């Protein structure tokens, strides 16, 4: 289960940056899901601390802080084509502000890389590979 959350959070962290506006509402997880994710992140942080894992431990703590704080909602709160167009303009104007804060991104960089490599190795072990060109059979 922890690996699944890791892959979901990794995909979220690798997603393109979105703008945060100071007046936007916050997006938060439903209470039960948030509690489950935070408990899992705390268990991962505790396990990392118990095994002296200084490479991945900081990521679990940073992700817990990120999940607990919520993110600014870049979507309109009311229906309307013109409001949606304005939100697009707001996004373009604030594109330099990343969705994920720098501290979380720096803490999770090694973990994201290790998850990607582990996932690719797993796919290779079960025979799933992607080849951009057809290789001849010998």
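The values are calculated or read from the model by the stated rules, or taken from the named source; none is laboratory data. A quick note: this is a predicted structure, and the numbers were derived from the prediction, not measured. Neighbour counts are summed over all protein chains in view; Cβ atoms, including those assigned to glycine, are modelled from backbone coordinates with ideal geometry.
Of 98, 76, all but one fail to be in contact with a helix residue (DSSP H, G or I) (Cβ under 6 Å, 6 or more places away or on another chain), at pLDDT below 80 and surrounded by 10 or more Cβ atoms within 10 Å (Cβ to Cβ); the exception is 76. Residue 49 meets all of the listed conditions (1) modelled with pLDDT under 90; (2) surrounded by fewer than 16 Cβ atoms within 10 Å (Cβ to Cβ) but one, namely (1). Taking the numbered list (1) surrounded by 14 or more Cβ atoms within 10 Å (Cβ to Cβ); (2) at pLDDT 85 or above; (3) touching a helix residue (DSSP H, G or I) at 6+ places or on another chain (Cβ under 6 Å) in turn, residue 55 passes all entries but (1). Report yes if some residue within segment 10-31 is at pLDDT 50 or above and part of a helix (DSSP H, G or I); otherwise report no. The answer is yes, given that some residue of segment 10-31 is at pLDDT 50 or above and part of a helix (DSSP H, G or I).
For residue 125, the conditions (1) loosely packed, with under 10 Cβ neighbours inside 10 Å; (2) out of contact with any helix residue (DSSP H, G or I) (no Cβ under 9 Å at 6 or more places or on another chain); (3) at pLDDT below 65 are fulfilled apart from (3).
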